[in-house]
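Notes follow once the structure below has been shown.
Read the figures in this text as sums done on the coordinates, not as results from a lab. Because the structure is predicted, anything quoted here is derived from the model rather than measured. Positions of Cβ are backbone-derived with ideal geometry, glycine not excepted, and every protein chain shown enters the neighbour counts.
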Ligand code: B12
Ligand code: SF4
């Protein structure tokens with residue numbers, strides 16, 4: 001069978017779910033391809049490939065665009081099955097009831113389900129009873145149950161070639177992403193992990209780490225597929241080998257067998273100086289730490305974050321600064337709490353003390369199925385049925401009354417004030433500047449720090465590639481905004 005994955009050309013980042021699904025399909029003899037939906041010759045390319053299955057991996061926000069693309073494809077070609085998977089499909093599978101062109105939705109992990117579907121189509125068998133799939137039939141939608149969580153050690157290597165073949169810019173890129181685990185030990189209320197764990201209860205272990213030698217093999221495969229790679233970004237929810245013994249083994253093997261610089265996400269607890277020093281020696285170029293909120297009570301009661309103090313974060317980041325390891329914090333702004341603006345400013349002040357290389361602010365969104373979404377509705381910050389545009393980072397979906405604009409502008413100036421703390425004294429004055437200006441400054445500052453300074457690549461080529469990516473992204477967000485309206 002021919003399976004076409006369709007994604008927007010938006011952020012120039014590989015999607016590991018597509019790469020693993022593609023690898024599983026190829027193992028069973030199916031052929032796969034990836035096309036960008038926002039390229040001018042997209043429909044011609046679909047026509048010439050003539051896929052049996054068109055597969056979309058959707059997060060909340062990008063689902064508007066992909067549903068629209070599927071609708072247009074259905075109008076032009078009738079002989080393919082349109083299947084949607086990924087976080088949005090998992091937490092809102094009702095898209096199959098809401099959109100005629102959606103033939104199948106995959107809830108949860110897709111490896112087994114997609115391969116079974118392709119095999120059934122190839123063999124002319126009935127596919128309406130495949131576990132994890134909601135399947136449209138002549139008599140209604142079959143909502144099949146979940147299968148057990150996949151054992152990640154048994155999976156093939158990510159199919160890196162699917163992106164490299166589709167996109168010359170990605171092929172040229174020297175930075176690749178990697179995940180050596182699935183799941184997270186924590187259960188924050190705003191995150192999909194909490195809901196996922198509840199969904200998969202009794203269906204196997206949901207936190208799964210690749211044994212270190214297997215992760216090294218995976219990376220060797222990556223280097224084989226993309227020999228120009230110089231940098232690896234571990235995007236695991238939490239760096240899977242952060243415990244001391246694991247880290248020692250990882251440190252030794254990684255340095256010997258891979259030896260490339262990398263970045264990762266640390267668990268938000270205190271890391272001693274020696275650990276940070278070793279991380280730097282292993283080749284780590286920068287680390288991320290999820291700080292999220294400076295108020296311990298909100299962290300514990302509303303966000304249900306793991307247990308850590310502001311001092312834990314401050315000490316870890318000071319250790320990073322001492323050994324010359326760059327760092328970023330992630331911070332949730334516009335939380336659905338009383339005095340949300342005061343809370344944001346408090347979080348900002350702790351960041352000033354901690355001194356990360358960059359403090360990233362994330363507007364809080366009530367993702368479908370999360371407990372925080374329920375809390376926000378319950379507290380009256382948002383109505384249950386409000387449509388939200390997730391990819392638009394400048395507007396809060398919540399109703400903060402008179403503080404609305406101040407919260408949205410503070411989110412945009414957050415990283416800049418942390419870098420230049422003197423600006424905090426004139427926060428009130430800065431709020432008088434137009435939001436469009438803050439939006440521009442936010443993108444410029446974040447883009448510079450994250451894409452250029454972190455990667456220590458000041459070349460004109462890198463600058464141009466990043467500007468192109470930004471323009472692509474802005475164009476896409478603009479189209480999406482219209483679709484939401
Ligand atoms: C890597 C990552 C990114 C990367 C790369 C994204 C990319 N190119 O796709 C970066 C950093 C760029 C990124 C950005 C964003 N991300 Co992100 N990201 C992740 C992360 C950490 C890993 C995703 C991943 O690759 N997982 C590994 C694969 C194997 O697992 P999986 O994605 O769950 O896929 C399985 C199933 O879902 C299913 N499946 C998936 N797709 C399909 C398709 C079909 C057809 C089928 C049958 C099955 C199927 O099968 C897969 C294998 O079992 C997840 C958290 C997580 N741990 O999953 C967040 C996550 C996906 N991100 C999230 C968010 C919110 C964002 C941003 C909006 C953040 C922001 N405010 O800017 C942006 C949006 C970008 C976008 N295009 O959507 C949310 C999405 C929530 C939601 N309801 O949609 C998540 C779940 C994090 C969270 N804590 O809630 N992200
Ligand atoms: S620590 Fe991060 S990935 Fe883990 S549950 Fe909390 S928000 Fe999600």
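Helix 340-354 axis versus longest C-alpha principal axis of the chain: approximately 70°, rounded to the nearest ten.
With both bridge residues required to lie in the chain, what share of the DSSP beta bridges run antiparallel, to the nearest 5%? Around 20 percent antiparallel, to the nearest 5. With contacts taken as Cα pairs under 8 Å at a separation of at least 6 residues, the stretch 173-454 carries a relative contact order of 16 percent. In the chain, the calculated helix contribution to ellipticity at 222 nm averages -13000 deg cm²/dmol per residue, counting -39,500 (n - 2.57) for every DSSP H run with n ≥ 4. From most to least packed by mean Cβ count within 10 Å, the peptides 263-269, 68-74 give 263-269, 68-74.
Taking the inverse of the mean 1/r over every pair of distinct Cα atoms in the stretch 173-454 gives a Kirkwood hydrodynamic radius of 20.0 Å.
Spacing of the modelled spin labels on residue 274 and residue 377, each 7 Å from Cα toward Cβ, amounts to 5.0 nm. For the stretch 2-143, the square roots of the Cα gyration tensor eigenvalues, ordered a ≥ b ≥ c, give a/c below 1.5, which places it in the rounded category. Computed from Cα atoms, the angle from the helix 460-484 axis to the main principal axis of the chain rounds to 70 degrees. Taking a ≥ b ≥ c as the square roots of the Cα gyration tensor eigenvalues, the stretch 302-442 comes out oblate, since a/c reaches at least 1.5 and a/b does not exceed b/c. Computed over the stretch 80-133, relative contact order equals 33 percent, with contacts defined as Cα pairs under 8 Å that lie 6+ residues apart.
Here the chain is treated as a sphere whose radius is the Kirkwood value from Cα pairs; by Stokes-Einstein at 10 °C and 1.306 mPa s it diffuses with a coefficient of 67 µm²/s.
Between the helical axis of 404-419 and the longest alpha-carbon principal axis of the chain there is an angle of about 70 degrees.
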